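Chemist: First, the structure itself, so that you have it in front of you.
Any read-out appearing in this document is the output of simple, stated calculations on the displayed coordinates, not a laboratory observation. Quick caveat, the model's predicted, so the values are computed rather than measured. Backbone-built Cβ (ideal geometry, glycine too); neighbour counts: all protein chains shown.
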Amino acid sequence: MTAPAVSPARPAQGAPTRPQPTQAGPPATMDDAVAAYHEYVAERLTELRQHVLALRANVGNGDVDSAMQAWLDAQQAWQSVGAAYGSFGDLGSAIAPGSRGLEDGAANPDFTGLRRIEYGLWHGQGAGELIPVIDKLLTDVDALEAKLPETAVAPSDMPLRLHEILEDTQRDHLSGRGDQGSGLALALARADVDATQEVLDMLRGLLDNLKSGFPARLDGELAALRAAIDATQKDGAWTDYAKVALAERQAVNAALGRALESLSLVPPLFSTD
Amino acid sequence: MQLQRRSFLIGAGGAAASGLLSATAVRADDAPEASSDVVGFLGENQAGVYRPASQQQSACFAAFKVLSRDTAELKALLQKLTVKATILGGGHGAGDALPSSELSGVDGAPPVNSGVMGEDIAAANFTLTLGLAASLFDSPVFGLAAKKPKGLTDMKVFPKDQIEEEWTGGDLILQLCADSTDMVHYALRDIMKATRGQLQLQWKINGFHNRPRPDGAPRNLFGYKDGIVNPAQDEQLVWIRGGSGQPSWAEGGTFMVVRIIRMLVEFWDRVGLGEQDNMIGRHRASGAPLGKSKETDTPDYASDPHGETVPLNAHIRLANPRTQETSGSRMLRRGYNYELGVDLNGNMQAGLIFTSFQQNIQEQFEATQTRLANEPMTDYIEPFGGGYFFVVPGVQKDGGFLGEGLFA
């Protein structure tokens, strides 16, 4: 099998388009925050579905470059949902499971979802192999969208999400262990930072009441992380993290580590134990 | 989902921890740790060089990139490291109060320590020794160029070196030593958590110091007693003193050389004992210089001008010819052995973390290394990493901090 001609780096993506705020200030209660999060997730899922439809068309046409871009758009949309640690249960897990725990890893026929499509696109697979996987993904996205109104996010889940989206970034993306061939960990990490910022914005008022000035400190640390990630771009394109110069990786790792130490205080701040 | 994950981890901790314990059973000859095993932090010079007199059993050499954005952040970082050195080196009981800088101020926050040492932390002769590399002084961010000690350069590459980039560099090194392996791990983890965002590991390597077999100096991985001859502190070959031409803030400091040297132990083990002895210049069993009977005996090179007893190119003879002219090139060696897994060829990756302390790298370490350039032992060793650092003076009174003289 011959791998498609892949440009060494994919085009960089800016921040996902953010919805217009539906209320003037940050949510005043946790119930409001959960409601805002639901609305936000619904919009991201709509975007995800559009990207997967584009992906299906590109794969069908044999347009590998466009398919890769559509995959990245879809994966970033999924990252921006902030679905850390399988927060949407089995429905969420079906959309982008990793290949851990599967015999033969990515080659296992049970491997599905966005990362399976990444594997195929970067390993020379075409429509015959990928269209069924994409159709299954569409079914799963539809199912999640349909169930979303009744998939209650527990109020206690929001602070954990604020902390742990970026734990996923460190564990899966920047470790290199989640990669299925694209080398686009930094693009995904960038989407994770934006998702964390979105959740922070939803919890801003509540968090500031619990620890005055803390959201502003997190803003600063997320901004530093965003800047360190963006500084790795070369001519507007993302570089495989393993090929990024050590000094630039150290800046990203340091900024992520600093942010995670602070974010780990969010769940206890909200805890009523 | 989230809460379950956390409680699962907590619940599984006991079983996982006991499994680990049984896998790394405590050595039977380990003496129990005494709460008195504390090396004082305060002093004209840092600990971990001449103190404690008996070199600790375990060490970690961790070189870091410094990401502080300005002089004020660097100063705060050095203050934080000083606090850590004091707390870790002093031992810490579960009920002892911690400085407020150590606490998050958030109820229910993750524990302030990892628990690896239990709740009552025995210092186990822990020492932290801080060294700064040339790159820190050269960085335009800190404006410390005028404070740079003379002779602090990048590590010189000698003719037989095979330097691997990922094992060099770093702006700052921490030499962490203790008489227990878990304390060394605990300390590094604790320090890194407290300095997240400011320090990023560049390379690190852990080492172990053998017990004497059967007595005298411990053996290295070639099976030879090593570190038999070390200059005493009053020979004044280590600490920077007034009138040395170094910046005055550096007095009480010393230069540290770290060289990570792979030892081709499989190859070595295929060499006859006589040839091994001739390469080293000592009898393997006793550690005595060839022709002598005790490890502490002094070789008599004057009556052996042609190397009939100790070959002229034997390691000990080249390293220390015991002449008036070479006497000043001696240095304090305080190395550790390491093991790092498997090389591509299936051999053990093992060797020596050579560590020396001296007043002048060029006149001591480099002069010695130059004499050793073509010793027969070079076929059995491959230096591949390390660096040169300046060990800042000690902290003499409470409230002071390591590197304070940089900001005076």
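Chemist: Taking θ = phi - 60°, what integer Hz values does the Karplus form 6.51 cos²θ - 1.76 cosθ + 1.60 yield along the range A:62-70, in sequence order, with x for Gly and Pro?
Modeler: These are the phi-based 3J(HN,Hα) values: x, 8, 5, 4, 5, 5, 4, 5, 5 Hz.
Chemist: Rounded, prolate or oblate: pick one for the range B:161-224, where a ≥ b ≥ c are the square roots of the eigenvalues of its C-alpha gyration tensor, a/c under 1.5 means rounded, and failing that, prolate if a/b is larger than b/c, else oblate.
Modeler: oblate
Chemist: Related question: Roughly how large, in nm² to one decimal, is the mean projection of the convex hull of the alpha-carbon atoms in the protein assembly as shown? Intermediate values should be presented prior to the final figure.
Modeler: Numbers: hull surface 137.3 nm².
Averaging across all directions leaves 34.3 nm² for the Cα convex hull.
Chemist: What Rg and what Dmax come out for chain B when only alpha-carbon atoms are used, in angstroms?
Modeler: 22.4, 80
Chemist: So, one more: Roughly how many debye, to the nearest 20, is the charge dipole of the protein assembly as shown about its Cα centre, given +1 on each Lys and Arg Cβ, -1 on each Asp and Glu Cβ, and no other charges? Please report the intermediate quantities before stating the final value.
Modeler: Working: 59 positive and 84 negative charges, 303 e Å.
With only Lys, Arg, Asp and Glu charged at Cβ, the dipole is about 1460 debye.
Chemist: Here's a follow-up. List the residues whose amide H sits under 5 Å from the amide H of B:Asn45, counting only those 5 or more places along or on another chain, with H placed 1.01 Å from N in the peptide plane.
Modeler: Close amide H contacts, sequence-distant or interchain: B:Gly394.
Chemist: List the trypsin sites (Lys or Arg not before Pro) within the range A:108-198 that DSSP assigns to loop and that have no more than 15 neighbouring Cβ atoms inside 10 Å.
Modeler: Details: sites: A:Arg115, A:Arg116, A:Lys136, A:Lys147, A:Arg161, A:Arg171, A:Arg177, A:Arg190; in loops: A:Arg177.
Answer by residue number: A:Arg177.
Chemist: In terms of modelled amide H atoms, which long-range or inter-chain residues lie less than 5 Å from the amide H of B:Trp203?
Modeler: Under 5 Å from the amide H of B:Trp203 lie the amide H atoms of B:Ala63, each far enough along the sequence or on another chain.
Chemist: Let me ask something else about it. Using 5 Å bins from zero, what percent of all Cα-Cα pairs in the range A:28-152 falls into each bin?
Modeler: 2, 11, 22, 23, 18, 12, 6, 3, 2, 1, 0
Chemist: Quote the Stokes-Einstein diffusion coefficient, in whole µm² s⁻¹, for chain A, based on the Kirkwood radius over alpha carbon pairs, a temperature of 4 °C and a viscosity of 1.567 mPa s.
Modeler: Details: Rh = 19.2 Å.
Value of D from the Cα-based Kirkwood radius: 68 µm²/s.
Chemist: I'd like the projected area of the range A:156-273, averaged over all directions, using the convex hull of its alpha carbons. Report it in nm² with one decimal. Could the numbers behind the result be given before it?
Modeler: Working: hull surface 29.4 nm².
Over all viewing directions, the range A:156-273 projects a mean Cα-hull area of 7.3 nm².
Chemist: For chain B, with a Gaussian network of springs between Cα atoms less than 10 Å apart, report the residue from B:Pro159, B:Pro393, B:Pro110 with the top mean-square fluctuation.
Modeler: It is B:Pro110.
Chemist: State the three equivalent ellipsoid semi-axes of the range A:226-273, derived from the C-alpha gyration tensor as the square roots of 5 times its eigenvalues, in descending order and whole Å.
Modeler: Ellipsoid half-lengths, sorted descending, are 31, 10, 8 Å.
Chemist: I want to verify a result. In a Gaussian network model of chain B, Cα cutoff 10 Å, which of these has the top mean-square fluctuation: B:Lys397, B:Lys150, B:Lys292?
Modeler: Between B:Lys397, B:Lys150, B:Lys292, it is B:Lys397 that shows the largest mean-square fluctuation.
Chemist: Could you line up B:Ser303, B:Ser68, A:Ser156 from fewest to most neighbouring Cβ atoms inside 10 Å?
Modeler: Result, fewest neighbours first: B:Ser303, A:Ser156, B:Ser68.
Chemist: Applying the Karplus parametrisation 6.51 cos²θ - 1.76 cosθ + 1.60 with θ = phi - 60° to the phi angles of the range A:251-257, what ³J(HN,Hα) value in whole Hz is obtained for each residue in order, glycine and proline being reported as x?
Modeler: Along the range A:251-257, the couplings run 5, 5, 4, 5, 5, 5, x Hz.
Chemist: If you don't mind, another one. Between rounded, prolate and oblate, where does the range B:187-320 land on the alpha carbon gyration tensor, with a ≥ b ≥ c its root eigenvalues, rounded for a/c under 1.5, else prolate if a/b exceeds b/c?
Modeler: Note, shape of the range B:187-320 comes out oblate.
Chemist: Calculated from DSSP H runs of 4 or more alone, at -39500 (n - 2.57) each and per residue, what is the 222 nm mean residue ellipticity of chain B, nearest 500?
Modeler: My calculation for chain B gives -6000 deg cm²/dmol from helical runs alone.
Chemist: Also, I was wondering about something else. Once amide H atoms are built 1.01 Å from N in the peptide plane, which residues 5 or more positions from B:Val391, or in another chain, come under 5 Å H to H?
Modeler: Under 5 Å from the amide H of B:Val391 lie the amide H atoms of B:Leu132, B:Thr254, B:Phe255, B:Met256, each far enough along the sequence or on another chain.
Chemist: Return the single residue from B:Ala288, B:Ala133, B:Ala53 with maximal mean-square fluctuation; model: Gaussian network over chain B, springs between Cα atoms under 10 Å.
Modeler: Maximum fluctuation in the GNM of chain B, among the listed residues, is at B:Ala53.
Chemist: Here is a follow-up. For chain A, what is the mean residue ellipticity at 222 nm derived from helices alone (per DSSP H run of n ≥ 4: -39500 (n - 2.57); sum divided by total residues; nearest 500 deg cm²/dmol)?
Modeler: Numbers: 10 runs with 163 residues, N = 273.
Estimated from H runs of four or more residues: -20000 deg cm²/dmol.
Chemist: Using the Kirkwood radius built from alpha carbon pairs, what does the Stokes-Einstein equation give as D for the range B:353-408 at 25 °C and 0.890 mPa s, in µm² per second?
Modeler: On the way: Rh = 14.4 Å.
My calculation gives 170 µm²/s for D.
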